[in-house]
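> Structure below; questions to follow.
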Amino acid sequence: MHLRPLSSTVVGSYPQPEWLIDREALGAHSVPRVRASHAWRIAEPWLQEAQDDATLLAIRDMERAGIDTITDGEMRRESYSNRFATALEGVDAEQAATIRTRAGEIRTVPRIVGRIRWRGAVEVRDIEFLRANTDLQTKITLPGPFTMAQQAMNEAYEDPDELVMDLAAAVNAEARALEGAGADVIQLDEPWLRNDPEAARRIAVAAIDRALEGVRSTRAVHLCFGYAALVGDKLTNRYEFLGELSESAADQISIEAAQPRLDLGQLSELSPKVVVVGVLDLGDHQVESAETVADRIRAALVHVPAERLVCAPDCGMKYLPRARAFAKLRALSAGTARVRAELGL
């Protein structure tokens, strides 16, 4: 499906209804890395139907907002990564590990106890449901191999890079299944590239290339500084690992730019990739005006031509109130339309 220049998209998640999931049960300060089935408000016999209904709400909101490439809102997920990561052979999420982060915080994480292998499709029904319920271009996301390795306790691999590459092979198997089910865009979420740029320089591009090997759908990689609801102060305005992704197999690189006031000069490092630039600040409770969004797009256009620029929120919208998320998407659509009109596109 051919999209017009300066198209719009979402990063991945959309707010889950309060009747579907207990947000407080997910954890107030961190994203779940092991399963958090206790957070669902609907009992198991009716949970899939409830998740389908919530997905339809997300699809219709994105359509009504005027977004060009949409996701299923990730309504079936407790986090962007835990559903897929804990479904892999070699991962023990039942007897989880407790670790202390670099910031001194305690986290519960899955244990890597054996060789990582893909057991079978995890998200295929998600993309099939999305494809059956919209005529728009579709996107589905997968946790990236580097990020998954960082979010687990490795008890099986002597070489941590070997773990990353086995995770990449598992992601690749899922990506190929998603492509076969009709995904137009397959995105790897790799926010942890910023946590360890040295390790990222050593293995991340090779792992991304392995994860995307043989995939003919549009291939994207997303990296950010964290959910705005969990990371309020973003004190750096540059990515320590970004330009290296220009050498990767990805077609699109999706970045957060609005909340951290990113130094947009970095965008030139991503040539010749399509850049998906965040123009919605999800940490700002105020809804941007169309002109504010347009100004952010114009600033990005100084460094990236319109044919290589896609406009998006900074990150997933999971933690926003639904009314605010919808209003911000309307502003995104209106702002991109304004700039397209100015450029005669």
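The values are calculated or read from the model by the stated rules, or taken from the named source; none is laboratory data. In this text the structure is predicted, and so the values were computed from the model without any measurement. As a convention, Cβ positions derive from the backbone with ideal geometry for all residues, glycine included, and neighbour counts pool all protein chains shown.
> In the range 250-261, is there at least one residue being modelled with pLDDT of 95 or more, acidic (Asp, Glu) and under 21 Å from the mean Cα position of the chain (by Cα)?
Yes: one or more hits.
> When residues of the range 42-79 are filtered for being more than 20 Å from the chain's Cα centre (by Cα) and hydrophobic (A, V, I, L, M, F, W, C), how many remain?
Final tally of qualifying residues: 5.
> Under 6 Å between Cβ atoms, at least 6 apart or on separate chains: pull out the pairs that start in the range 320-342 with a residue that is touching a residue at least 24 places away in the same chain (Cβ under 8 Å) and end on any residue that is among the hydroxyl-bearing types (Ser, Thr, Tyr).
Within 6 Å, the pairs are Leu332/Ser8; Ser333/Ser8; Thr336/Ser8.
> Working only within the range 84-108, note down all residues that are out of contact with any helix residue (DSSP H, G or I) (no Cβ under 8 Å at 6 or more places or on another chain) and among the β-branched types (Val, Ile, Thr).
Correct list: Thr86, Thr98, Ile99, Thr101, Ile106, Thr108.
> Something else about it: If Ala200 satisfies every condition in (1) in contact (Cβ under 8 Å) with a residue 12 or more places away in the chain; (2) assigned to a loop (DSSP other than H, G, I, E, B) but one, which is the exception?
Evaluating Ala200 over (1) in contact (Cβ under 8 Å) with a residue 12 or more places away in the chain; (2) assigned to a loop (DSSP other than H, G, I, E, B) leaves (2) as the failure.
> I'm trying to understand the selection: among the residues of the range 293-326, which are over 20 Å from the mean Cα position of the chain (by Cα) and either part of a loop (DSSP other than H, G, I, E, B) or more than 16 Å from Leu6 (Cα to Cα) (or both)? Steps first, answer last, please.
Initially, the range 293-326 is screened for residues over 20 Å from the mean Cα position of the chain (by Cα), giving 293-307, 323.
The answer is Val302, His303, Val304, Pro305, Ala323.
> Please work out which residue is farthest from Glu179 (Cα to Cα), limiting yourself to the range 128-162 and to residues that are among the charged types (D, E, K, R) and touching a residue at least 24 places away in the same chain (Cβ under 8 Å).
Looking at residues that are among the charged types (D, E, K, R) and touching a residue at least 24 places away in the same chain (Cβ under 8 Å), I get Glu155.
> Now, a different point. Go through (1) in contact with a helix residue (DSSP H, G or I) (Cβ under 7 Å, 6 or more places away or on another chain); (2) farther than 30 Å from Gly114 by Cβ; (3) of a type outside the set (Val, Ile, Thr); (4) crowded, with 18+ Cβ neighbours inside 10 Å and name the single condition Ala54 misses.
Of (1) in contact with a helix residue (DSSP H, G or I) (Cβ under 7 Å, 6 or more places away or on another chain); (2) farther than 30 Å from Gly114 by Cβ; (3) of a type outside the set (Val, Ile, Thr); (4) crowded, with 18+ Cβ neighbours inside 10 Å, only one is false for Ala54: (1).
> Report yes if Gly278 is part of a strand (DSSP E or B), among the small types (Gly, Ala, Ser) and modelled with pLDDT of 95 or more, otherwise no. Break it down into steps so the answer makes sense when it comes.
On the way: part of a strand (DSSP E or B): yes; among the small types (Gly, Ala, Ser): yes; modelled with pLDDT of 95 or more: yes.
Spelling it out, Gly278 is indeed part of a strand (DSSP E or B), among the small types (Gly, Ala, Ser) and modelled with pLDDT of 95 or more.
Quick grid of which residues meet (1) modelled with pLDDT of 95 or more; (2) small (Gly, Ala, Ser); (3) within 27 Å of Ala250 (Cβ to Cβ):
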position: Ser271; (1), (2), (3): no, yes, yes
position: His285; (1), (2), (3): yes, no, no
position: Ala290; (1), (2), (3): yes, yes, no
position: Asp295; (1), (2), (3): yes, no, no
position: Leu301; (1), (2), (3): yes, no, yes
position: Pro305; (1), (2), (3): yes, no, yes
position: Phe326; (1), (2), (3): yes, no, no
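> Scanning for something of a type in the set (Val, Ile, Thr), over 29 Å from Asp161 (Cα atoms) and crowded, with 18+ Cβ neighbours inside 10 Å, does the range 265-279 turn up at least one residue? Spell out how you get there, then give the answer.
Step one: filter the range 265-279 for residues of a type in the set (Val, Ile, Thr), giving 274-277, 279.
Now narrow it down to the ones that are over 29 Å from Asp161 (Cα atoms): 277, 279.
Now drop any that are not crowded, with 18+ Cβ neighbours inside 10 Å, which leaves 277, 279.
Taking every residue of the range 265-279 in turn, at least one turns out to be of a type in the set (Val, Ile, Thr), over 29 Å from Asp161 (Cα atoms) and crowded, with 18+ Cβ neighbours inside 10 Å.
> Another question, then. Which ones in the range 120-176 are part of a loop (DSSP other than H, G, I, E, B) and of a type in the set (D, E, K, R)?
Answer for the range 120-176, where residues must be part of a loop (DSSP other than H, G, I, E, B) and of a type in the set (D, E, K, R): Glu123, Asp135, Glu155, Glu158, Asp159.
> Would you mind telling me which numbered condition in (1) in contact (Cβ under 8 Å) with a residue 60 or more places away in the chain; (2) of a type outside the set (S, T, N, Q); (3) in a loop (DSSP other than H, G, I, E, B); (4) crowded, with 23+ Cβ neighbours inside 10 Å Arg4 fails?
(4)
> For Ile106, indicate whether it is more than 17 Å from Ser13 (Cβ to Cβ), over 20 Å from the mean Cα position of the chain (by Cα), buried (at least 18 other Cβ atoms within 10 Å of the Cβ) and of a type outside the set (D, E, K, R).
Considered against the rule, which asks whether it is more than 17 Å from Ser13 (Cβ to Cβ), over 20 Å from the mean Cα position of the chain (by Cα), buried (at least 18 other Cβ atoms within 10 Å of the Cβ) and of a type outside the set (D, E, K, R), Ile106 comes out as no.
> Would you mind stating whether His222 is closer than 16 Å to Asn195 by Cα, modelled with pLDDT of 95 or more and not in a helix (DSSP H, G or I)?
yes
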